[in-house]
1. Out of segment 662-702, which residues are open to solvent by 40 Å² or more (accessible area, probe 1.4 Å) and of a type in the set (A, V, I, L, M, F, W, C)?
2. From 194, 171, grab the single residue that is on the phi < 0 side of the Ramachandran plot and among the small types (Gly, Ala, Ser).
3. Starting from segment 552-579, keep only residues that are free of Cβ contacts under 8 Å to residues at least 40 places away in the same chain, then list their pairs with residues that are open to solvent by less than 10 Å² (accessible area, probe 1.4 Å) whose Cβ atoms are within a distance under 7 Å, requiring at least 6 positions of separation or different chains.
4. (1) modelled with pLDDT of 95 or more; (2) in a loop (DSSP other than H, G, I, E, B): which one isn't true of residue 176, the others all being true?
5. Restricting the search to segment 459-493, which residues are open to solvent by 40 Å² or more (accessible area, probe 1.4 Å), among the charged types (D, E, K, R) and under 16 Å from residue 366 (Cα atoms)?
6. Would you confirm, using the coordinates I've provided, whether residue 257 is open to solvent by 40 Å² or more (accessible area, probe 1.4 Å), of a type outside the set (Gly, Ala, Ser) and in contact (Cβ under 8 Å) with a residue 60 or more places away in the chain?
7. Please count how many residues of segment 326-354 are surrounded by fewer than 16 Cβ atoms within 10 Å (Cβ to Cβ) and either of a type outside the set (A, V, I, L, M, F, W, C) or outside any helix (DSSP H, G or I) (or both).
8. I'd like to check something: does segment 494-513 contain any residue that is open to solvent by less than 10 Å² (accessible area, probe 1.4 Å), touching a His at 6+ places or on another chain (Cβ under 7 Å) and under 30 Å from residue 319 (Cβ atoms)?
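The values are calculated or read from the model by the stated rules, or taken from the named source; none is laboratory data. These numbers were taken from a predicted model, which means no experiment stands behind them. As a convention, Cβ positions derive from the backbone with ideal geometry for all residues, glycine included, and neighbour counts pool all protein chains shown. Please note that ligands, DNA and RNA were not included when accessible areas were found on the heavy atoms of the full protein model with its side chains. Shrake-Rupley method; radii C 1.70, N 1.55, O 1.52, S 1.80 Å.
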Amino acid sequence: MGKMARRKAKTTAAETEPLLEKGSTRKRLSNAGDLDHATKRARVEDRTDYSRWRMRDDESRQTWHYLEDDEAVENWPQTTADKYFLGLPLGLPDLPKAGSPLDAVRNGLDFFEKLQLPSGHWGCEYGGPMFLLPCIVISWYATKTPIPWYYATEIKNYLFARAHPEDGGWGLHIEGDSSVFGTSLNYTVLRLVGVDAEHPKMVKARATLHKLGGATHAPHWAKWWFAVLGVAEWDIVNPVPPELWLLPDWVPFAPWRWWVHIRQVFLPMSYLWSKRWQAEETDLIRSLRKELYVQDWDRIDWAGDRNTIHPRDNYHPKTWFLNTINWLLVKVWTPYFRVKPIVDKAEARVMKLIEMENDNTDCLDLATVSGPMNLVCLYAREGPDTYAVRRHKERSDEFLWVNSEGLLANGTNGVQCWDTAFAIQTVMDAGLTEDPRWRPMLLKALAFLDDQQIRENVKDQDKCYRQQRKGGWAFSNKDQGYAVSDCVSEALKSVIILQKTPGFPALIDDRRIFDAIDTLLTYQNPNGSCSSYEPPRAGAWMEMLNAAEVFGNIMVEYEYPECTTAVVTAVSLFHKHWPDYRAKEVQRLIDRAVSWIKTAQKPHGGWYGSWGICFTYATMFALESLASTGEVYTNSSHSRQGCEFLISKQRQDGGWSEHYKSCETGEYIEHQSGSQVVMTAWALIGLMKADYPDLAPLRQGIKLIMDRQQPNGEWLQEAIEGVFNKSCMISYPNYKFTFTMKALGMFARKYPDEKVV
């Protein structure tokens, strides 16, 4: 075996602790009869041998594997994609210097093709939020799941690499300032994987946490996890009553009306809150009780600190209405009306909905927060040996990713369908779909989308409050199975583009394409806009019940220019090729959607983006919507204002650079790091869609993108690109390929005689 695999474990104080306390008198603890995970505690090395990591693509299911056996290493060689993801030298030759934008596209495709995975999709990390990894690691510890030493080692390395360079803490996301949410949870993760409390980085992080007030000042989600882990008492957690799921569906605030992510998180939160279940008390847990708090653990006024939160974490302060409801739940409902028959019925109802989610996703669940929470719920109810518990543990690996810094958690189980659709469109925009050089790559991508189309609605769709999905595509893969309006749209466009290109097979027949259209038509809202997972089921007033504190716009679905544009362009392309299928409904959708796009325009001319940063991203999509119905710079005041907004933000070097703070504040903020290729591409795409008449700023932006291209055809990672719920940023590293090449290809087709360089 290699040196790293042979190295003996280092001994730390945390690793020598007797983790299983015998004879504990604490109630509702994890099963004392389970395998003692003290004997399975991971050792923590300096680092792993990166030549031993492999990423397996099992028909879109992405999992990382560390090969400790030399024979296994030899039999399973690293791919170029593995090396790229890990930040290892690729040894690729320099390509001929691009003499034109189209040459730059070809060089980019030459590189990007090497990252295509065996099933036909493009994988990448989908990290950024710093609360995801704690969900997984805490769920592992609570369920006594052994953490392999190589996981523990690279979790430690990633968190050390992502610690704030000045104060050593962690924020809500990788570019955010240190907060109690990020620092308390990630400090806890490091202790759970075996890092000593007196490690210099831990001492520094702990000092920052204490300066911020300690874990009593954490937001609701962190307090919930600490109660589950047993490092806080349940009294510090604001009420999460499962009885809400007993309300009739007609009640205006019934939880089935909430946004899909918050209702899936609320289910396991409410179950464990109701049970007041806690993990097995260990010496490590007792130590964390001393480390995480400023005051003595035994003297903390847990109920009194329910609403204590540091201002930096309090992006969306609880409303007076929610505080009143919480008071009533604590002082009136719980002591006088919360009787056992009601509680039992509510817990059974919640668990039934969790089981439906497990059945519909084979225990993968919606995303990286609800999945680990559901694992703990099932473990608390059933113990360690049921299929659902074991399957959840297996599938948790699909949320993990290894990069040059270490091991992180993705926001979902990947970005497979989303990025693959954009990759196909990139080739189309450059006019290269008929080029035989790229046919094998495109055929694999088409086969992937064929395989990943969702062929049926979920079982008991109405009972589990799921949106129609037949014919759609998910953001990641069909296992996860949640169709999203823009994911369905972008994938459908890509399928139609290729299947209408001479020489490509029609893998997806008309009936299946009609299924996709049938589903897309269900996404339009009464005002003409489109949302993400489903049309809104309640109004924005529901934010009065937002208890998350760190996120905005989380309680219900909202209207998005990005999603609306995706649907408009998809059904427009469909209507061109199948003009007779539901023709009136399709045309009505297009007309109403474009009308709504105009109403969503801001006074400065841009549009606010909710899934990418921020005005640059959404304005690109909005201008594409207008152009799809013939409204461009020369004949539309809305298009003209959008173009002028973008032009007003162009930097002296020809690029664009918007800061994520724009998402938080609702005002355009320049990024201090300078121009970014992704932002620049977004702006250029919007301008070209709108037929902006002045070539000079377009040429300048294209030149910046070409100048940033590396000799092997790639572009380097710059600032973070994505966002959700206004305050949390997330990475889309493939955007630096797909959108840059899209902009270059569009320019090359629009201005074929312009060489730029």
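1. Of everything in segment 662-702, those that are open to solvent by 40 Å² or more (accessible area, probe 1.4 Å) and of a type in the set (A, V, I, L, M, F, W, C) turn out to be 669, 696.
2. On the way: 194 fails: on the phi < 0 side of the Ramachandran plot.
None of the other options fit; the residue is 171.
3. Close Cβ pairs satisfying both conditions: 575/586.
4. All conditions are met except number (1).
5. Of the residues in segment 459-493, the ones open to solvent by 40 Å² or more (accessible area, probe 1.4 Å) are 459-463, 468, 470, 478.
Still in the list and also among the charged types (D, E, K, R): 459-460, 462-463, 470, 478.
Across segment 459-493, the qualifying residues are 459, 478.
6. Numbers: open to solvent by 40 Å² or more (accessible area, probe 1.4 Å): yes; of a type outside the set (Gly, Ala, Ser): yes; in contact (Cβ under 8 Å) with a residue 60 or more places away in the chain: yes.
Judged against the criteria, residue 257 is a match.
7. So the count comes out to 10.
8. Taking segment 494-513 and keeping what is open to solvent by less than 10 Å² (accessible area, probe 1.4 Å), we get 494-496, 498, 508, 513.
Filter again for touching a His at 6+ places or on another chain (Cβ under 7 Å), leaving 496.
Cutting the leftovers down to under 30 Å from residue 319 (Cβ atoms) gives us none.
Checking segment 494-513: not a single residue is open to solvent by less than 10 Å² (accessible area, probe 1.4 Å), touching a His at 6+ places or on another chain (Cβ under 7 Å) and under 30 Å from residue 319 (Cβ atoms).
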